[in-house]
Amino acid sequence: MKPPPFAYEQAGSLAHTLNLLAQHGSEARPLAGGQSLLPMLALRLARPTILVDIGRLDELSGVNRSNGELVLGATVRQRQVAQNPEIVQVLPLLVAATRLIGHPAIRNWGTIGGSLAHADPAAEYPAVMVALDATFVAQGPKGEHEISARDFFLGPFTTALEDTELLTRIRIPRPRPGTGWGIEEVARRHGDFALAGAVVVLERSVEGTCRRVAIAVIGANARPVRAMEAEQALAGQPLTAPVLREAAALAVKAIDDPLSDVHGSATYRQRLVPVVVQRALQAATERAALA
Amino acid sequence: MQLVRLSLKVNGQPVEAEVEARTTLADFLREQLGLTGTKLGCEHGVCGSCTVLVDGAAARSCLLLAAQVDGCEITTIEGLTSNGTLHPVQQAFWEAHGLQCGFCTPGMVLTAVALLNEHPAPSESEIREALSGNLCRCTGYQNIIRAVQLVVEKQQRAG
């Protein structure tokens, strides 16, 4: 199908964008890469009155290192996320997650902010941000404020952003040197949305036990969640295969709003959760330095 | 109905046009410019048959508004042939029998061109990964992979 009619404005600046959002509210949609918005328009699942093209705003792009954080502009292209030297050096997890998104043509246009604001439960970036305890910066009529990743995702395609607000920056704390990471997912084809996936960030002590771990689940739940019980079970424990397996089994308890659709039933997705969590834990354990 | 003014390059030629805001790049190329080499398969970004190059990089033309590419350089499959001579990737597809009905072929060829521009000597698994977003119902993909490998082989022999 073809998109329904709408008006289109090329945003001249962030301020211009915010004015238009304030003016039109939910009738206006920001257009960054359009790789999620265009299919929704084509399938007529979205019928905005006006699209505001923010894809060329320098104010919203750019990757900066500051104060032990990496700060990404919302319109940084996914392709750039995977290739930016700062990110490659400091956040290889984010690079690996990007390679699981769609295909190169999609990543040439799709943006990190767009993916996060779209909040598809089966997307990789939201779970990565929840595992990394990232903070999102939003701007709107009331000014600028911050939302933690864990509070940002409310449900399928639903975030804490007001209709008049724009996600402008993503602040990611730099992992300590030697931090291990893993991202695993099960999808029917490479590049498809995950039926279930797991993101793990893990620090090991000098003795090899778990000093700190974050486990986020992709795709089995209406929004990405941290597997708190699994994380607690691992604290201070030696990271042997049986320990990882037991912890992975606990990850299912984090599912509080199960996802079920034609691509995978809730039962199937929840069967996958311990498997992907264990694989991601294994990978993170192998990558983590003893320090 | 809002019209948007565009000024861009398509296959090296400057183009001035007016489009409805909702016109996708794919429909602009096909309907307004008559360049029907770019195909519409799924129209939601999954099949890859609409793939073109925007400023040299692969893009899904069904997932772009024409308005988004104002000022850009678009290359479609029609732009690969010059003076009747097939582009090396097209020639390799021909020699390796990498097509049957030809519907996926423009998208496949342009995706391969984009891949080789960045990675002149990809491994088989890199080729498979790069083309994994282009669906083919006829060939079973083997000869498509061979066609891309043939381009690499020929370039290595020549270079």
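What to note about this one:
- Criterion applied to B:95, B:78 was being more than 24 Å from residue A:109 (Cβ to Cβ) and modelled with pLDDT of 95 or more, and the one residue passing it is B:95.
- Any hit, the range A:233-253, residues being surrounded by fewer than 22 Cβ atoms within 10 Å (Cβ to Cβ), of a type in the set (Gly, Ala, Ser) and closer than 30 Å to residue A:103 by Cα: no
- For residue B:7, the conditions (1) away from every other protein chain (no Cβ under 12 Å); (2) crowded, with 16+ Cβ neighbours inside 10 Å; (3) not in a loop (DSSP other than H, G, I, E, B) all hold with the exception of (2).
Residue-wise test of (1) in contact (Cβ under 8 Å) with a residue 40 or more places away in the chain; (2) part of a strand (DSSP E or B); (3) within 13 Å of chain A (Cβ to nearest Cβ).
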{"position": "B:27", "(1), (2), (3)": "no, no, yes"}
{"position": "B:43", "(1), (2), (3)": "no, no, yes"}
{"position": "B:71", "(1), (2), (3)": "yes, no, yes"}
{"position": "B:101", "(1), (2), (3)": "no, no, no"}
{"position": "B:110", "(1), (2), (3)": "yes, no, yes"}
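- Near pairs, Cβ below 8 angstrom, 6+ apart or cross-chain, from the range B:83-98 (touching a residue at least 60 places away in the same chain (Cβ under 8 Å)) to any residue that is part of a loop (DSSP other than H, G, I, E, B): B:89/B:80; B:92/B:98
- Filtered residue count, the range A:261-291, keeping only those that are at pLDDT below 95 and either hydroxyl-bearing (Ser, Thr, Tyr) or surrounded by fewer than 22 Cβ atoms within 10 Å (Cβ to Cβ) (or both): 6
- Residue within the range B:31-44 that is at pLDDT 95 or above, buried (at least 19 other Cβ atoms within 10 Å of the Cβ) and closer than 22 Å to residue A:79 by Cβ present: yes
- Exclusive hit being more than 12 Å from chain A (Cβ to nearest Cβ), more than 26 Å from residue B:13 (Cβ to Cβ) and not charged (D, E, K, R), set B:84, B:140: B:140
The values are calculated or read from the model by the stated rules, or taken from the named source; none is laboratory data. Since the structure is predicted, the reported quantities are computational estimates derived from the model, not experimental observations. Methodologically, a virtual Cβ is constructed for each residue, glycine included, from the backbone with ideal geometry; neighbour enumeration extends over all protein chains shown.
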